[in-house]
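What follows is a short report on a single structure.
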Amino acid sequence: MSGTWGDPINPYAEASAQDYSEQQAQAVFGGLGPGATGQAAPAPTEPPPPPPPPPPSGGDQSAALAILMGQVAELRGQVEESRRVDPFEVARQERRANQASMRAAISWLPSPLIDTYIDEWVKTGDSELSWAVVRQSGQYDQYFPQNRRADGTLRMSEQDYMSHKDAFSRELRQFGLNPEVFEERHQDLVAGDVSVQEFRQRISAKVTGVLQNLDEVRSRFGEFYGIGEMSDEALIGAAIDPNIGTELLQGRITAAQISGEALRAGFERGRERSEMLGQAGGLTQMEARELYSEAGEAVPMFGRFAQRFGGGPFGIEEYEEAAVFGDSELQRRMRRLHASEMALFRQGGTVAVGQQGEFAGLRRR
């Protein structure tokens, strides 16, 4: 069943056998082609990279360059901006924002020195340096006299100094004395390193000595200095500090008493006004107590009358001028206002009128 062409049933058998022989040769000789020497073929190499794209045309190249230059400019601007931001200036701005809280922390310090401290603190952020600038300022000795020793060191901190002064003032006020009168005395205490406790012991001893023989001391004081009558407060003050002129002492203490009685009744009267009422008006502490007690009712009432009927405002100063200095024009105005109010409401007023037409509280003291 053989033939020249192979199996008649499978005419491709010879071709298949030939293909099989070639496959074996391929396996044995590694796929050597015709004319091969039997050496191994070289390893296949990587395919070469694709060629670069052609350069952009003229228009595309200009657009790309413009984009690149814009990015460079933006980067340069960011660098310049970072150079312009001063970290110290940033810190100063933060401290400026915190000024309110810093002022509150040193509110006990006199206002001009607070400003000096804050200005330096905003610049440097250094608390110790800020205090050094405060202590070198021309106003320091004005507010903290005698606190600096000859060698430049401080007797006490500024806060302790203010506490010392406040305690000194409280000791004097409990005896009815005006601390402003004894300012130099406080400076002596600071210069002598005298504590508040020691001052309290000294003043208690002197006050006790005066109060135990008050009438006799008053009598002798009048004989020695030609003063007919001295208040208890003036005697105590003279005992504390004999260097204070008695006339000045008497006047200032009376002014303090007048101001205190006004404040108790709800009226604020300054030193100059109180001294004028005491010296020119002859007002005493007891008279001031009566005056301002009556003014507490009369001044608001006449203020309402003045608003209703015109003629200008009416306050505590107008009442003082009428009651203490006997201003007849103001007294007549008060009567007119009261009469107008009575005529309007047909009822009695709240201001008492005597048989001779005098207002209670306006009789000459």
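Derivation of every value follows stated rules applied to the coordinates shown; laboratory data play no part. These numbers come from a predicted model, not from an experiment. Cβ coordinates were reconstructed from backbone atoms using ideal geometry, including for glycine residues, and neighbour counts include every protein chain displayed.
Between ASP232 and MET286, how many nm apart are label points set 7 Å from Cα along the C-beta direction?
1.2 nm
At 7 Å along Cα-to-Cβ for each site, give me the label-to-label distance between ASP160 and GLU74 in nm.
6.3 nm
In 5 Å bins starting at zero, report the fraction of Cα pairs in the range 275-340 per bin as a rounded %.
4, 17, 28, 25, 14, 9, 3, 0
Please work out the FRET efficiency for the pair MET301 and ARG271, using the Cβ-Cβ distance as r and a Förster radius of 45 Å; give the result to the nearest 0.05.
That gives a FRET efficiency of 0.95.
Using a basic spin-label model with each label point 7 Å from the Cα along Cα→Cβ, how many nm lie between ASP327 and SER137?
It is 4.0 nm.
Through the Karplus equation 6.51 cos²θ - 1.76 cosθ + 1.60, θ set to phi - 60°, convert the phi angles of the range 186-203 into ³J(HN,Hα) values in whole Hz; use x for Gly and Pro.
Using θ = phi - 60°, the values come out as 5, 4, 5, 5, 5, 5, x, 6, 8, 6, 5, 4, 5, 4, 4, 5, 5, 5 Hz.
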